[in-house]
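Only the coordinates and a few stated rules stand behind these numbers; no lab work does. Since the structure is predicted, the reported quantities are computational estimates derived from the model, not experimental observations. Every residue, glycine among them, receives a Cβ derived from its backbone with ideal geometry; neighbour counts consider all protein chains shown.
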């Protein structure tokens, strides 16, 4: 596994639009469908990455905790499923059901959405305010497979708490780290 950091899209960037198929329901989901709340979290994840597997339980906890507070969540897989069949839409659907993802899990077959977000790794996280302006991009927390740092979503939770409380989100943010996106 090759450790790759986030590219750190500039703060203040307006969320790039997308419309992608949701693997569980088969319906298309767009950014517009998700921006009716107080904020939106866009996560680039996949099935096979050990860094994503390490944080899956916290992703579900985080979404369940903050969705009831008005924050929307979406996960997108942009990996090349032909060369990485574990990341196929069929297996994405199984993963979403197994983990009971409370958020849509979208497949970016063309990889255009990942490119517009300048996503580099899985997991890669972006938090947008109610006006779809980027206020946080970076790590979930400091936990990585095997480093014994507690998995608690501390960094994103702090950003979301600040956003919901009308406090400026700290601009000193640490990149996420994980497997590189598997480009075609």
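Observations on the model:
- Residues of segment 87-103 that are touching a helix residue (DSSP H, G or I) at 6+ places or on another chain (Cβ under 8 Å) and either in contact (Cβ under 8 Å) with a residue 60 or more places away in the chain or part of a loop (DSSP other than H, G, I, E, B) (or both): 99, 100, 101, 102, 103.
- Among all positions in segment 44-59, there is at least one residue which is under 21 Å from residue 121 (Cα atoms) and assigned to a strand (DSSP E or B).
- Output for segment 10-31, where each listed residue is assigned to a strand (DSSP E or B) and in contact with a helix residue (DSSP H, G or I) (Cβ under 7 Å, 6 or more places away or on another chain): 20
- A count restricted to segment 55-95 and to residues that are closer than 17 Å to residue 33 by Cβ and in contact with a strand residue (DSSP E or B) (Cβ under 6 Å, 6 or more places away or on another chain) stands at 7.
- Here residue 36 meets the list (1) within 19 Å of residue 115 (Cβ to Cβ); (2) surrounded by fewer than 15 Cβ atoms within 10 Å (Cβ to Cβ); (3) in contact (Cβ under 8 Å) with a residue 24 or more places away in the chain almost entirely, failing just condition (1).
- Scanning segment 81-96 for residues that are within 17 Å of the chain's Cα centre (by Cα) and surrounded by fewer than 17 Cβ atoms within 10 Å (Cβ to Cβ) yields a total of 0.
- Set 134, 163, 151, 140: member being in contact (Cβ under 8 Å) with a residue 40 or more places away in the chain, in a helix (DSSP H, G or I) and crowded, with 16+ Cβ neighbours inside 10 Å: 163
- Of the criteria (1) surrounded by 20 or more Cβ atoms within 10 Å (Cβ to Cβ); (2) outside any loop (DSSP other than H, G, I, E, B), which one residue 158 fails: (1)
- On the stretch given as segment 32-43, residues that are assigned to a helix (DSSP H, G or I) and touching a strand residue (DSSP E or B) at 6+ places or on another chain (Cβ under 8 Å) total 1.
- Out of 5, 50, sole residue that is touching a residue at least 60 places away in the same chain (Cβ under 8 Å), surrounded by fewer than 18 Cβ atoms within 10 Å (Cβ to Cβ) and within 21 Å of residue 100 (Cα to Cα): 50
- The single condition from (1) farther than 30 Å from residue 168 by Cβ; (2) buried (at least 19 other Cβ atoms within 10 Å of the Cβ) that residue 128 fails is (1).
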